[in-house]
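Take a look at the structure below.
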Amino acid sequence: MTEYQRIVLAARPRGAVQPENFRLETATLPALQDGEVLVRNHFLSLDPYMRGRMSEAKSYATAQALDETMLGGTAGEVLASKHARFAAGDHVVGMLGWAEMGVCDGALLRKVDTSRIPLSAYLGVVGMPGMTAWYGLNHIMKPVAGNTILVSAASGAVGSAVGQLAKLQGCRVVGIAGGAEKCAYVIDELGFDACVDYKAGNLAADLARAAPDGIDALFENVGGPCFDAALPLMNAFGRIALCGLIAGYNGDDLAVRNLRFMLTSRLSVRGFIVTEHLDLWPQGLAELAALVAGGKLKYRETVAQGLAAAPDAFIGLLQGRNFGKQLVQLIP
Ligand SMILES: NC(=O)c1ccc[n+]([C@@H]2O[C@H](COP(=O)([O-])OP(=O)(O)OC[C@H]3O[C@@H](n4cnc5c(N)ncnc54)[C@H](OP(=O)(O)O)[C@@H]3O)[C@@H](O)[C@H]2O)c1
């Protein structure tokens with residue numbers, strides 16, 4: 001009988017997530033059955049969607065159960081396998097949740113090659129967030145060279161990839177991010193043409209200056225004032241990939257004052273959930289992996305240390321304390 005540590009959902013949040021919503025506890029591993037794999041997690045992925053799963057409000061996915069392991073993506077190493085495709089020592093990504101280790105059906109794991117790409121990147125730029133950027137850009141925004149595109153939460157896991165992929169397609173790319181340091185990174189390191197600090201107090205005017213020819217396609221990660229400021233700048237027949245509304249995940253009001261521009265600029269708006277397009281993942285992940293291995297797609301990580309640090313890191317993610325992909329490292 002092997003014991004391990006995990007974090008469970010102890011109580012559903014009301015408004016902002018609090019440390020009391022989580023509980024660290026010891027659990028016992030089940031015996032390995034045929035077709036199953038025992039994995040030790042090296043990294044946990046913390047993602048904004050987890051806030052939605054903590055709540056019972058109507059959504060595209062069912063709420064996660066109370067007193068169960070917080071769900072989430074993981075990257076780790078196979079310790080033991082009763083599945084033909086996996087052997088001890090393989091690096092795998094899966095959905096083992098906020099736990100040091102776990103047993104799962106091998107069909108739910110993906111083996112990854114860490115010879116050219118670090119294991120952690122498979123939870124970010126070469127994982128779900130990278131695919132989100134790739135899908136929204138190529139299948140909804142469909143930019144052509146010379147277009148101006150705008151992306152909010154531009155320094156984050158998804159936004160940073162959107163902007164770099166659009167630059168590779170010859171677009172002019174404008175980002176929105178919180179604070180001077182994140183904006184400088186977005187321009188200087190990621191190569192965006194401009195980045196507006198939404199916390200500086202002049203969002204509408206700064207955005208208009210950064211996009212003098214208007215915006216042809218918008219990748220919306222935030223909602224609220226950022227989205228509202230972008231709408232009047234959208235060019236006729238502009239496309240909006242509605243990816244996330246993180247400004248409202250803790251319950252803040254996301255009123256849209258500039259809704260009329262959706263009509264007068266004849267905009268196309270499409271929400272999407274990246275996990276509903278799994279057929280495209282092999283293509284997208286292969287392209288992202290090649291770009292990362294070739295040094296053409298950069299990424300940044302904020303790494304919290306140890307399982308017990310996960311709740312605070314998650315609370316920080318919803319407040320913009322992370323800088324790039326938020327991870328928790330379990331094995332130093
Ligand atoms: N549709 C899908 O399938 C799908 C899949 C993955 C992710 N998403 C969505 O994509 C978005 C980005 O996810 P991510 O994983 O890349 O996270 P991330 O950008 O790495 O981290 C979240 C960032 O959001 C920004 N933020 C938080 N609260 C904000 C607020 N009130 N106003 C403005 N910005 C705020 C913060 O950056 P600043 O410091 O710049 O404010 C924070 O760093 C989220 O909305 C997420 O839900 C959707």
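The values are calculated or read from the model by the stated rules, or taken from the named source; none is laboratory data. None of the values given here were measured: they were computed from a predicted structure. Counting neighbours? That spans all protein chains shown, and the Cβs are built from the backbone with ideal geometry, glycine included. Note: accessible area is taken over every heavy atom of the protein model, side chains too, but ligands, DNA and RNA are not part of it. Shrake-Rupley method; radii C 1.70, N 1.55, O 1.52, S 1.80 Å.
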Once label points are set 7 Å from the Cα along Cα→Cβ at both ASP253 and THR62, what is their separation, rounded to one decimal in nm? 3.5 nm
Report, in whole Å, the centroid distance computed from the Cα atoms of the range 142-172 and the range 272-291. 17 Å
Give the shape of the range 1-135 as rounded, prolate or oblate, defined through the alpha-carbon gyration tensor: a ≥ b ≥ c are the square roots of its eigenvalues, a/c under 1.5 means rounded, and otherwise the shape is prolate if a/b is larger than b/c and oblate if not. oblate
Cα atoms only: what Rg and Dmax, in Å, come out for the chain? 20.1, 65
Of all accessible surface on the chain at a 1.4 Å probe, what whole percent is carbon and sulfur? 53 percent
Theoretical ellipticity at 222 nm over the chain - DSSP helices of four or more residues, -39500 (n - 2.57) apiece, nearest 500: -6000 deg cm²/dmol
How far is it, in nm, from the label point at GLU181 to the one at LEU263 when both lie 7 Å from their Cα along the line to the Cβ? 4.5 nm
DSSP beta bridges in the chain: the antiparallel percent, rounded to 5, is 55 percent
Could you give the accessible area per residue of the chain, probe 1.4 Å, as a whole number in Å²? 44 Å²
Given a 1.4 Å probe and the protein chains all in place, what does the accessible area of CYS183 round to, in Å² to the nearest 10? 10 Å²
How large is the accessible surface of ASP213 in square angstrom, using a 1.4 angstrom probe and rounding to the nearest 10? 120 Å²
On a 1.4 Å probe surface of the protein chains, which of SER268, SER152 comes out largest in accessible area, and what is the full order? SER268, SER152
Largest first, what is the accessible-area ranking of PHE192, PHE237 with a 1.4 Å probe? PHE237, PHE192
Using a 1.4 Å probe, how large is the accessible area of LYS111, given in Å² and rounded to the nearest 10? 110 Å²
Using a 1.4 angstrom probe with every protein chain in place, what is the largest-first accessible-area order of LEU96, LEU242? LEU242, LEU96
Below 8 Å, C-alpha to C-alpha, sequence gap of six or more: please give me the relative contact order for the chain in percent. 17 percent
